[in-house]
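Engineer: Dumping the structure here so I can ask a few things about it.
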Amino acid sequence: GTDVNVMAEDPERRPIIVAALERAFAVVAFNEPLAQRAAALLGDEKRAKVVCIPQGVMFEGDSASASEQTFCIRAACDLANDAVVLLLVCGLRDVKAPLFLAQRCGAWHARDPRIHLVVVGPPLDPVLHAKIEAAAAEPGSGLRYHPAVPHAALLRAMADADLLVNSSVSEGQSNAIL
């Protein structure tokens, strides 16, 4: 998403993105508008290598461990049972705008201390990860961070959350919540 939606618009990065698309055996897009943008970058003779495969999720609950099946995001983040959990599942990187969300949710948390933003995912950007950890450590921030969890535990976290948040400054959909 980001490569085609953002980087291809940058005159310096566009040739790199186009070259990567041209060298690829196939290009998979998760929705038709993204597939069309990628195909337009390739030109008529190479459009056929772009394939749209809608996102989907496979759950393997039977193979999940007991701890994964009973995972509770509220308990894992030391939140009360009546906490209102806004859950952002993502690899920590700027494109997901977690600090923007943390500021907005922090304002809600100041009005209603039950409201919390919980960010779950691997720290892909170490600088952003440090900022998230620091923001979560601030008293009254309403922000909690939890590292990545196995899929079965993530499914439990999503089921337990009051709201799933899909933020991005450039992506159309998030593979994490579909």
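The values are calculated or read from the model by the stated rules, or taken from the named source; none is laboratory data. Being a predicted model, the structure only gives us computed values, none of them experimental. Neighbour counts are summed over all protein chains in view; Cβ atoms, including those assigned to glycine, are modelled from backbone coordinates with ideal geometry. For accessibility, only protein heavy atoms count, side chains too; no ligands or nucleic acids. Shrake-Rupley method; radii C 1.70, N 1.55, O 1.52, S 1.80 Å.
Engineer: Restricting to the stretch 129-144, and then to whatever is in contact with a helix residue (DSSP H, G or I) (Cβ under 9 Å, 6 or more places away or on another chain) and of a type outside the set (D, E, K, R), can you tell me which residue is farthest from residue 93 (Cα to Cα)?
Structural biologist: Of everything passing the filter in the stretch 129-144, 140 is farthest from residue 93 (Cα to Cα).
Engineer: Moving on. Kindly check whether there is at least one residue in the stretch 53-70 that is charged (D, E, K, R), at pLDDT below 90, surrounded by 13 or more Cβ atoms within 10 Å (Cβ to Cβ) and more than 19 Å from the chain's Cα centre (by Cα).
Structural biologist: Yes; the residues of the stretch 53-70 include at least one that is charged (D, E, K, R), at pLDDT below 90, surrounded by 13 or more Cβ atoms within 10 Å (Cβ to Cβ) and more than 19 Å from the chain's Cα centre (by Cα).
Engineer: Grab the strands (runs of 3 or more DSSP E) fully contained in the stretch 98-177, keeping just those with 3 or more residues being open to solvent by less than 40 Å² (accessible area, probe 1.4 Å), in contact with a strand residue (DSSP E or B) (Cβ under 6 Å, 6 or more places away or on another chain) and in contact (Cβ under 8 Å) with a residue 24 or more places away in the chain.
Structural biologist: Passing ranges, in order: 115-120, 143-146.
Engineer: Tally up the residues in the stretch 134-168 that are among the charged types (D, E, K, R) and out of contact with any Cys (no Cβ under 9 Å at 6 or more places or on another chain), please.
Structural biologist: 2
Engineer: On the given criteria, is residue 96 at pLDDT below 95, on the phi < 0 side of the Ramachandran plot and in contact with a Cys (Cβ under 6 Å, 6 or more places away or on another chain)? Reasoning before the result, please.
Structural biologist: Details: at pLDDT below 95: yes; on the phi < 0 side of the Ramachandran plot: yes; in contact with a Cys (Cβ under 6 Å, 6 or more places away or on another chain): yes.
The answer is yes for residue 96.
Engineer: Looking only at the stretch 18-34, how many residues end up being within 20 Å of residue 168 (Cα to Cα), free of Cβ contacts under 8 Å to residues at least 60 places away in the same chain and in contact with a helix residue (DSSP H, G or I) (Cβ under 9 Å, 6 or more places away or on another chain)?
Structural biologist: So the answer is 2.
Engineer: Can you confirm whether the stretch 78-90 contains a residue that is of a type in the set (Asp, Glu) and at positive phi?
Structural biologist: Yes, the conditions are met somewhere in the stretch 78-90.
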